[in-house]
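What follows is calculated from the coordinates using simple rules that are stated; it is not laboratory data. Keep in mind that this is a model prediction, so the values were computed, not measured. Virtual Cβ from ideal backbone geometry, glycine too; neighbours counted across all protein chains shown.
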Amino acid sequence: MAEGFANLYGKDVLVASSAGLAPTEIVARETIECMREKSVDLTTHFPKKFEPFAADQPDIIINMSGFDLPPVPETATVQNWFVRDPYGQSEKIYGDSRDHIERLVMQLILQLRRESRAPQAGTPAKSVK
């Protein structure tokens, strides 16, 4: 959900990709459906395993798992977002979690936009995982 919102709203300041500590095999149908309500298409998305030292290292890591992360690159900033996991829950819980994630993503995007106005021009978009 966060990747979908981030890439929809924040292309000017970030490049988002998502990964999980213990990813499922597919994106849950309920996730696809509740995101469709916000005009975000996740039908081509697939779960990926979090690899903190992969070649394409993020600048910011958002941890929504509720668990400690494995060691991450020192250059990455880690933010912990406390979001209820809707998996296996009701449609209402999916919607509530989606809306909470959307608000958090928008707050991050607004923060990155404020920060991008301060430094020198030409600063590349942040990589967010």
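Starting from residues that are assigned to a helix (DSSP H, G or I) and among the basic types (K, R), keep the ones in region 22-62 and report whichever is surrounded by the most Cβ atoms within 10 Å (Cβ to Cβ). If you could, list the steps in order and put the result at the bottom.
First pass over region 22-62, keeping only residues assigned to a helix (DSSP H, G or I): 29-36.
Of the ones still in play, those that are also among the basic types (K, R) are 29, 36.
Values: R29: 8, R36: 12.
Among those that are assigned to a helix (DSSP H, G or I) and among the basic types (K, R), it is R36.
Pairing each residue of region 94-120 that is in contact (Cβ under 8 Å) with a residue 24 or more places away in the chain and closer than 16 Å to Y9 by Cα with any residue that is in a helix (DSSP H, G or I) and not aliphatic (A, V, I, L, M), provided the two are 6+ apart or on different chains, yields C-beta distances under 6 Å for R98/C34; E102/F5; V105/F5; I109/Y9. Residues considered: V78, V15, V83, V72. Of these, the only one that is without any contact (Cβ under 8 Å) to a residue 24 or more places away in the chain, crowded, with 17+ Cβ neighbours inside 10 Å and touching a strand residue (DSSP E or B) at 6+ places or on another chain (Cβ under 7 Å) is V72.
Does G66 fit the bill of being of a type in the set (G, A, S), under 15 Å from the mean Cα position of the chain (by Cα) and assigned to a loop (DSSP other than H, G, I, E, B)?
Numbers: of a type in the set (G, A, S): yes; under 15 Å from the mean Cα position of the chain (by Cα): yes; assigned to a loop (DSSP other than H, G, I, E, B): yes.
Against the criterion (of a type in the set (G, A, S), under 15 Å from the mean Cα position of the chain (by Cα) and assigned to a loop (DSSP other than H, G, I, E, B)), G66 qualifies.
Being of a type in the set (A, V, I, L, M), touching a Ser or Thr at 6+ places or on another chain (Cβ under 7 Å) and in a loop (DSSP other than H, G, I, E, B) holds for only one residue in V83, V72, and it is V83.
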